[in-house]
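These notes are about the structure you will find just below.
The values are calculated or read from the model by the stated rules, or taken from the named source; none is laboratory data. Here the structure is a predicted model, which is why all the values come from computation and not from measurement. Note: ideal-geometry Cβ built from the backbone for every residue, glycine included; neighbour counts use all protein chains shown.
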Amino acid sequence: MDEQKLVSTRRALHGVAELILAGPQHRLGGGIRLRVVPGGFATVAAPDFRVDGDLLVVPGGSIELSGGTFAERAKQAGVEASRLDEVYSGGPKIDPDSAIDLDPAAARLIADAFARGDAALRALDPDATPVLWPEHFDVGITLDEVNYGVSPGDDTIPEPYAYVGPWAARTGTFWNASFGATRMMTDLPDSEAVLAFFRAGQQQAGVV
């Protein structure tokens, strides 16, 4: 996958997650949490929106995301593009009037990473509900003061990765990041491999 396409698509989807899904949901009193669904991600309350690849699926139809601005696509969906600067400080900081630059193949790659992560998180703790957070655009849970999740990439790591982040720092070769441990999703080809990494993190963190 071309890194530039992956980065631009990740940023576009991050913007859609905040401006078109979580922002309007928050304004309607439904909070900011999102969820992973087949093909992408969705709201958990009104408005009933989901992203499927490069499409925004709304009641009654779907809208192609590319080719317009965030504000234009939100208006087509019947909402106002809404940033969440008053809720958190680490969001994507995307101008609603900027264009959505999204590659369909990169969008599918990110959706697949989220799907593998969501399945692994549910297997790790069947009582937990994984949340796709619009601030950092990652899906995760917290268990015994350790964060587990999958990110589609960020400014430091440009491609999707799984992570284990203990609240209290651990030492040892397993912990290869400032916040804990990461593994590239290209090295974790299915949900079972992601789960194995999470369980290894539990053992290394001393919480099992």
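Considering the stretch 61-96 alone, what residues qualify as being closer than 13 Å to ILE20 by Cβ, assigned to a loop (DSSP other than H, G, I, E, B) and small (Gly, Ala, Ser)?
If the condition is that a residue be closer than 13 Å to ILE20 by Cβ, assigned to a loop (DSSP other than H, G, I, E, B) and small (Gly, Ala, Ser), then GLY68, GLY78, ALA81, SER82 are the ones that fit.
Test of understanding: among PHE197, PHE174, which residue is over 23 Å from GLY23 (Cα atoms), modelled with pLDDT of 95 or more, in contact with a helix residue (DSSP H, G or I) (Cβ under 6 Å, 6 or more places away or on another chain) and not in a strand (DSSP E or B)? Explain how you work it out, then say what you get.
Working: PHE197 fails: in contact with a helix residue (DSSP H, G or I) (Cβ under 6 Å, 6 or more places away or on another chain).
When all the criteria are applied, what remains is PHE174.
Quick one: is VAL7 closer than 17 Å to PRO134 by Cα and not in a strand (DSSP E or B)?
yes
Give the residues of the stretch 34-45 that are crowded, with 17+ Cβ neighbours inside 10 Å, part of a loop (DSSP other than H, G, I, E, B) and not aliphatic (A, V, I, L, M), sorted by residue number.
GLY39 - this is the single residue of the stretch 34-45 that is crowded, with 17+ Cβ neighbours inside 10 Å, part of a loop (DSSP other than H, G, I, E, B) and not aliphatic (A, V, I, L, M).
If you take the residues of the stretch 72-98 that are touching a residue at least 40 places away in the same chain (Cβ under 8 Å) and surrounded by fewer than 17 Cβ atoms within 10 Å (Cβ to Cβ), which of them is nearest to the chain's Cα centre (by Cα)?
GLY90
Among the residues that make up the stretch 14-30, is at least one of them at pLDDT 95 or above, closer than 20 Å to ASP85 by Cα and among the acidic types (Asp, Glu)? Spell out how you get there, then give the answer.
First, the residues of the stretch 14-30 that are at pLDDT 95 or above: 14-30.
Now drop any that are not closer than 20 Å to ASP85 by Cα, which leaves 14-30.
If we keep only those that are among the acidic types (Asp, Glu) as well, we get 18.
Within the stretch 14-30, one or more residues are at pLDDT 95 or above, closer than 20 Å to ASP85 by Cα and among the acidic types (Asp, Glu).
Only one of TRP167, TRP133 is under 26 Å from VAL37 (Cβ atoms) and aromatic (Phe, Trp, Tyr); which?
Numbers: TRP167 fails: under 26 Å from VAL37 (Cβ atoms).
Step by step, each of TRP167, TRP133 is checked, and only TRP133 is under 26 Å from VAL37 (Cβ atoms) and aromatic (Phe, Trp, Tyr).
From the list ASP118, ASP101, exactly one residue is buried (at least 23 other Cβ atoms within 10 Å of the Cβ), in contact (Cβ under 8 Å) with a residue 60 or more places away in the chain and out of contact with any His (no Cβ under 6 Å at 6 or more places or on another chain). Which is it?
On the way: ASP101 fails: buried (at least 23 other Cβ atoms within 10 Å of the Cβ).
Within the list ASP118, ASP101, the selection yields ASP118.
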